Amino acid sequence: MTTSSSERGVSLGMPALPAPAYPDDVRERLERDAREIIARYPDSRSALLPLLHLVQAEEGHVTRTGMQFCADVLELTTAEVTAVATFYTMYRRKPSGDYQVGVCTNTLCAVMGGDAIFEELQEHLGIGNGETTGDGKVTLEHIECNAACDFAPVVMVNWEFFDNQTPASAKRLVDDLRSGRDVEPTRGARLCTFKETARILAGFPDERPGAVEESGSAGPASLVGLRLAKGETAPARVVHPRDGGPHDEPQDRAVHEPSPAEHLSSHDAPHETSASDPAHPAGPVAEEGE
């Protein structure tokens, strides 16, 4: 005797309806942009990543409609497009905020206070990982390494850097974003919305006056290795033991004391980082040997 799926309590569900189409004017505009993107590649399917950014710029996340559009213009199956869209975390699969606030919780940022920042932001905003505030302004998420360990702990907003953060500074940051106040990244161009960022990532120019010039380059700490590789030498630096005094140093050896403008790393710069925040210590609270 056999039992039906309903008798076993198994629901097979209804097949998903076809993705709704873009309005004609939107599709015409997207097709024009898509042709420009596809023309950059000898193999059209290589354009899939920027095309996903293009459709993300339209609705703020990659919808079924967007994936169907990519499949149509590249002559791929929706399964092929979905496999790529679900692999990369930069593509959002559900509606999200104007500002993607990512807190690095990888090793060094976590040790320097990233975990504390993330926990306090969740409580401050009343949302969990990957969730969006009710006003649609901020989506919070913990993310893996931002390749900015020299400036830990790091928060990124729409992929722009905010270095040397503390729980207090991070809370001020999200409050400013929600209130519409101007916010300047530590490095890079001024912020734009997530949709605008997605269009830039699709390969279209940033048309804001002066934005390209503001982008700058990596911070000094990140460029030390490159300068050494070019044969440039930095002044000698001596790091004293914890008790503050030199031990067994030759008396004739000059000790270089860096100027305030010469910091090579956030860890020796006079910033209020988590390492100096008594409420959120980054390391052992006891001295060595205790």
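Each reported figure results from applying straightforward, stated rules to the coordinates on display, with no laboratory input. Because the structure is predicted, anything quoted here is derived from the model rather than measured. Note that each Cβ is placed from the backbone with ideal geometry, even for glycine, and that neighbours are counted across all protein chains shown.
Here are the numbers:
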{"item": "Gain upon complete extension [A229, A168; 0.36 nm per residue less C-alpha separation]", "result": "18.2 nm"}
{"item": "Label point at T193 placed 7 Å out along Cα→Cβ; residues across segment 129-170 whose backbone nitrogen lies under 15 Å", "result": "135-139, 158"}
{"item": "Stretch gain in nm, segment R208-V26, where the contour uses 0.36 nm per residue and the Cα spacing is subtracted", "result": "63.3 nm"}
{"item": "Pairwise label distance in nanometres, E75 with S46, each label 7 Å out on the Cα-Cβ vector", "result": "1.7"}
{"item": "Cα-based Rg / Dmax (Å) for segment 54-164", "result": "15.9, 47"}
{"item": "Protection-proxy order for peptides 75-84, 116-125, each taking the mean of Cβ atoms within 10 Å per residue, highest first", "result": "116-125, 75-84"}
{"item": "Globularity index of segment 87-219, i.e. its alpha-carbon radius of gyration over 2.2 N^0.38 Å", "result": "1.00"}
{"item": "Additional length obtainable on full extension of the chain from A39 to D176, 0.36 nm per residue less Cα span", "result": "45.3 nm"}
